[in-house]
Amino acid sequence: MAAFPGNGTDPRLERAAEELGPRARWAEIKEKLGRVKVIYTDLDGTMMGPRGCFFLNLHMEYTLRPAAVLLEALRMGVDVVPVSGRSGRQMRETARLMGLRNYIAELGVELVYDQGERVVVNTGSFQGNADDLYRSIMESGVADFLFSRYAGRLEYHTPWSSFRDCTPLFRGLVDLAQANGLLEKRFPGLILVDNGVLPVRSETLDVPEVRAYHLVPKGVSKERAVAEDMRLRGFEPSEAVAVGDSDADLA
């Protein structure tokens, strides 16, 4: 609800909130949510609070609300599917602790079912070995090319970059459009994806802020991975909900 200097609260916004807000549409919302069979959710910054903690809110206060919501969804038989830039190895333990069976890792490259019993790897338009995608990407020389072009502005996102199964993980600050233009000419099957600001500073980079970057096969994204999972398991759009907080969650 907006307020304007000297005028108090705008009555037009008050009326709009009453007419269009969730309270006025609760019956409709409740009916739609009753059909939901799967919830796709980002982890860091969405399902997880600050510092990657499930029990911290944005005010750095401990709360059980996220756990209560997750518990209610599981009791209702809703499949809660984390969708993250984290590697499958990282997500497996997180999912296991939360009682979740299925998850999507590395920005949509890996679709993992039944805690790893079945894994679908999406290589997009990159001509590489799906069984060892990380090695195929690294052997192309693309990482060295990016480090040379963006010296002092890009580096591996250690220590998490050491636990990758499919795609390299970097941190720094680069002109994303320029970087992807260079990749299109030299490594046309790969694209650099911005996964948001990191709450860290680097002693070896000369940048005003630090962002996370994933190097993924072109044609791979969280959105497409969710669509593929829905196709494979026969979910209708009306049966799914998706939640996220960054550009990578939308494309």
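The values are calculated or read from the model by the stated rules, or taken from the named source; none is laboratory data. Since the structure is predicted, the reported quantities are computational estimates derived from the model, not experimental observations. Reconstructed Cβ throughout: ideal geometry from the backbone, glycine too, with neighbour counts over all protein chains shown.
Among the residues of the range 132-150, are any in a strand (DSSP E or B) and not hydrophobic (A, V, I, L, M, F, W, C)? Give the derivation first.
Here is the first cut: in the range 132-150, the residues in a strand (DSSP E or B) are none.
Scanning the range 132-150, I find no residue that is in a strand (DSSP E or B) and not hydrophobic (A, V, I, L, M, F, W, C), so the answer is no.
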For this session: Check the range 94-103 and report whether any residue there is part of a loop (DSSP other than H, G, I, E, B), hydrophobic (A, V, I, L, M, F, W, C) and surrounded by fewer than 22 Cβ atoms within 10 Å (Cβ to Cβ).
Result: yes
Determine whether VAL81 is within 18 Å of the chain's Cα centre (by Cα), farther than 20 Å from GLY244 by Cα and part of a strand (DSSP E or B). no
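This table checks each residue for (1) among the basic types (Lys, Arg); (2) at negative phi.
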{"residue": "ARG149", "(1), (2)": "yes, yes"}
{"residue": "GLY152", "(1), (2)": "no, no"}
{"residue": "SER162", "(1), (2)": "no, yes"}
{"residue": "PRO188", "(1), (2)": "no, yes"}
{"residue": "ARG201", "(1), (2)": "yes, yes"}
{"residue": "HIS214", "(1), (2)": "no, yes"}
{"residue": "VAL220", "(1), (2)": "no, yes"}
{"residue": "GLY244", "(1), (2)": "no, yes"}
Of those in the range 127-151 that are touching a residue at least 40 places away in the same chain (Cβ under 8 Å) and over 17 Å from LEU169 (Cα atoms), the residue surrounded by the fewest Cβ atoms within 10 Å (Cβ to Cβ) is GLN127
Among the residues of the range 211-243, the number that are out of contact with any Asp or Glu (no Cβ under 7 Å at 6 or more places or on another chain), of a type in the set (Lys, Arg) and not in a helix (DSSP H, G or I) is 1
Scan the range 194-201 and tell me whether some residue there is of a type in the set (Asp, Glu), touching a residue at least 40 places away in the same chain (Cβ under 8 Å) and assigned by TED's automatic domain parsing to the domain that holds ILE137.
yes
With the first residue restricted to the range 60-73 and required to be under 17 Å from TYR40 (Cβ atoms), and the second required to be modelled with pLDDT of 95 or more, Cβ contacts under 6 Å at 6 or more apart or on different chains are ALA73/VAL80
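Pick out the one residue from ARG25, ARG65 that is modelled with pLDDT of 90 or more and out of contact with any Lys or Arg (no Cβ under 8 Å at 6 or more places or on another chain).
It is ARG65.
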Within the range 104-131, residues being more than 29 Å from MET48 (Cβ to Cβ), of a type in the set (S, T, N, Q) and in a helix (DSSP H, G or I) number 0
Can you find a residue in the range 165-179 that is surrounded by 16 or more Cβ atoms within 10 Å (Cβ to Cβ), touching a residue at least 24 places away in the same chain (Cβ under 8 Å) and part of a helix (DSSP H, G or I)? yes
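Mind telling me which of the residues LEU100, LEU74 ends up being in contact with a strand residue (DSSP E or B) (Cβ under 6 Å, 6 or more places away or on another chain) and over 23 Å from VAL193 (Cα atoms)?
LEU100
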